[in-house]
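Undergrad: So that we are looking at the same thing, I have put the structure below in structure tokens.
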Amino acid sequence: MKRLILYCLLFISPVLWARSAVELTLNGGYSAFMKSEPEWHPSGFVGYGAHIGYAYFFNRYIGLGIGVDGYCYNGRYNRISSETKDMIDSDNEPYSGTFDYSYRQKKSAWMLKPGVSILGEVPLKSLSIYMAIGAQYGISVSAQERTSYTVTHTGYYPKWHMTVTDIPEYGFTTTQISQPTEKIQVPYSWIIAAKAGVAIPLKTGWSVLAGVNADYGITGDQPLSVNLELGVRCMFGLPKRHHCNCYQD
């Protein structure tokens with residue numbers, strides 16, 4: 001993959017200024033880590049990040065983009081388990097004690113995601129519709145994990161056919177426990193990424209970008225995000241011209 005990116009850069013380097021652009025965007029929305037142990041159930045939380053990239057357009061409609069994203073993924077997991085055993089209370093009465101556990105785990109990771117993409121753009125009268133699809137390589141910069149859980153203790157007394165709850169003096173109560181935040185290692189991930197939106201011109205060479213993007217990791221912890229995106233693009237033309245934007249050949 002690294003060789004492919006290098007070959008692409010060497011190929012386009014003689015004509016970098018033929019039709020090129022620099023983009024800077026911010027994005028935020030839903031994020032999650034989809035891979036988990038079988039008993040854990042993943043869910044999402046808020047993620048956010050930024051993108052800086054370079055785009056070279058072969059013509060008005062097709063281009064190649066390279067860039068890097070910095071993104072903070074935040075995922076949650078939930079797990080429920082139960083344990084039952086024979087016990088004796090403080091009055092020496094036998095009962096069947098049940099402990100219900102409800103676990104909640106939050107994982108967050110900052111990742112750098114260099115990538116390459118194929119660009120498509122359709123110029124219209126007052127704006128352009130743009131699309132992109134490509135691949136990224138997610139590299140974890142820092143990551144942490146925090147687990148908390150509740151334990152609910154109930155008792156069943158067969159002698160009286162009675163279930164007892166919420167009597168703290170006998171230990172029948174719900175306890176909340178939070179574990180300290182721990183630094184963790186998040187595996188590298190190959191990620192498929194796509195985006196779509198509109199480019200609205202401000203003045204010659206400058207445009208506002210507004211759209212959506214999504215990515216999904218096919219390896220590692222399988223990071224997932226769906227975001228709203230907002231940013232700017234600066235388009236460069238041929239050196240012999242004073243200016244050139246994406247609406248002129």
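Taken together, the values in this text are just the output of simple stated rules run on the coordinates, not laboratory data. Model, not experiment: these values are computed from the prediction. So basically every Cβ, Gly included, is an ideal-geometry build from the backbone, and we count neighbours across all protein chains shown.
Undergrad: Need a quick list: strands (runs of 3 or more DSSP E) entirely within the range 23-130 having at least 3 residues that are in contact with a Phe, Trp or Tyr (Cβ under 9 Å, 6 or more places away or on another chain) and farther than 28 Å from I191 by Cβ.
TA: On the way: elements: 41-57, 62-88, 94-123.
The strands (runs of 3 or more DSSP E) meeting that bar are 62-88, 94-123.
Undergrad: Could you list all residues from the range 200-215 that are surrounded by 16 or more Cβ atoms within 10 Å (Cβ to Cβ) and touching a residue at least 60 places away in the same chain (Cβ under 8 Å)?
TA: Within the range 200-215, P201, S207, L209, G211, N213, D215 qualify.
Undergrad: Only one of these conditions is not met by V116: (1) surrounded by fewer than 17 Cβ atoms within 10 Å (Cβ to Cβ); (2) of a type in the set (V, I, T); (3) under 21 Å from the mean Cα position of the chain (by Cα). Which number is it?
TA: (1)
Undergrad: Out of the residues in the range 158-199 that are assigned to a loop (DSSP other than H, G, I, E, B) and within 28 Å of the chain's Cα centre (by Cα), state the one that is surrounded by the most Cβ atoms within 10 Å (Cβ to Cβ). I'd like the intermediate steps shown before the answer.
TA: Applying the first criterion (assigned to a loop (DSSP other than H, G, I, E, B)) to the range 158-199 yields 158-161, 165-166, 171, 173, 179-181, 184-188.
If we keep only those that are within 28 Å of the chain's Cα centre (by Cα) too, we end up with 179-181, 184-188.
On the way: Q179: 11, P180: 6, T181: 12, I184: 13, Q185: 7, V186: 23, P187: 12, Y188: 14.
If we take residues in the range 158-199 being assigned to a loop (DSSP other than H, G, I, E, B) and within 28 Å of the chain's Cα centre (by Cα), then V186 is surrounded by the most Cβ atoms within 10 Å (Cβ to Cβ).
Undergrad: With respect to S225, determine if the residue is touching a Phe, Trp or Tyr at 6+ places or on another chain (Cβ under 7 Å) and either within 20 Å of M34 (Cα to Cα) or not acidic (D, E) (or both). So that I can check it myself, show each step before the final result.
TA: Details: touching a Phe, Trp or Tyr at 6+ places or on another chain (Cβ under 7 Å): yes; either within 20 Å of M34 (Cα to Cα) or not acidic (D, E) (or both): yes.
Considered against the rule, which asks whether it is touching a Phe, Trp or Tyr at 6+ places or on another chain (Cβ under 7 Å) and either within 20 Å of M34 (Cα to Cα) or not acidic (D, E) (or both), S225 comes out as yes.
Undergrad: Residues in the range 115-151 that are touching an Asp or Glu at 6+ places or on another chain (Cβ under 8 Å) and farther than 21 Å from E182 by Cα: how many?
TA: Here the count works out to 7.
Undergrad: What tally of residues in the range 62-93 results from selecting those that are exposed (fewer than 13 other Cβ atoms within 10 Å of the Cβ), on the phi < 0 side of the Ramachandran plot and not hydrophobic (A, V, I, L, M, F, W, C)? Reasoning before the result, please.
TA: Step one: of the range 62-93, the residues exposed (fewer than 13 other Cβ atoms within 10 Å of the Cβ) are 62, 80-86, 88, 90-92.
If we keep only those that are on the phi < 0 side of the Ramachandran plot too, we end up with 62, 80-86, 88, 90-91.
Those still in the list that are not hydrophobic (A, V, I, L, M, F, W, C) too: 81-86, 90-91.
Of the residues in that region, 8 qualify.
Here's the yes/no breakdown for (1) farther than 30 Å from S207 by Cα; (2) out of contact with any strand residue (DSSP E or B) (no Cβ under 9 Å at 6 or more places or on another chain); (3) not β-branched (V, I, T):
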| site | (1), (2), (3) |
| --- | --- |
| G70 | no, no, yes |
| G75 | yes, no, yes |
| K85 | yes, no, yes |
| F99 | yes, no, yes |
| H161 | yes, yes, yes |
| D166 | yes, no, yes |
| Y170 | yes, no, yes |
| T173 | yes, no, no |
| Q179 | yes, no, yes |
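Undergrad: List every residue pair whose Cβ atoms lie under 6 Å apart, where the two residues are 6 or more positions apart in sequence or sit on different chains, the first residue falls within the range 164-193 and is over 28 Å from T98 (Cβ atoms), and the second residue, located anywhere, is among the aliphatic types (A, V, I, L, M) and surrounded by fewer than 14 Cβ atoms within 10 Å (Cβ to Cβ).
TA: Pairs found: W190/I218.
Undergrad: Answer with yes or no whether G134 is free of Cβ contacts under 8 Å to residues at least 60 places away in the same chain and touching a strand residue (DSSP E or B) at 6+ places or on another chain (Cβ under 7 Å). Talk me through it step by step, then tell me what you get.
TA: Values: free of Cβ contacts under 8 Å to residues at least 60 places away in the same chain: no; touching a strand residue (DSSP E or B) at 6+ places or on another chain (Cβ under 7 Å): yes.
Judged against the criteria, G134 is not a match.
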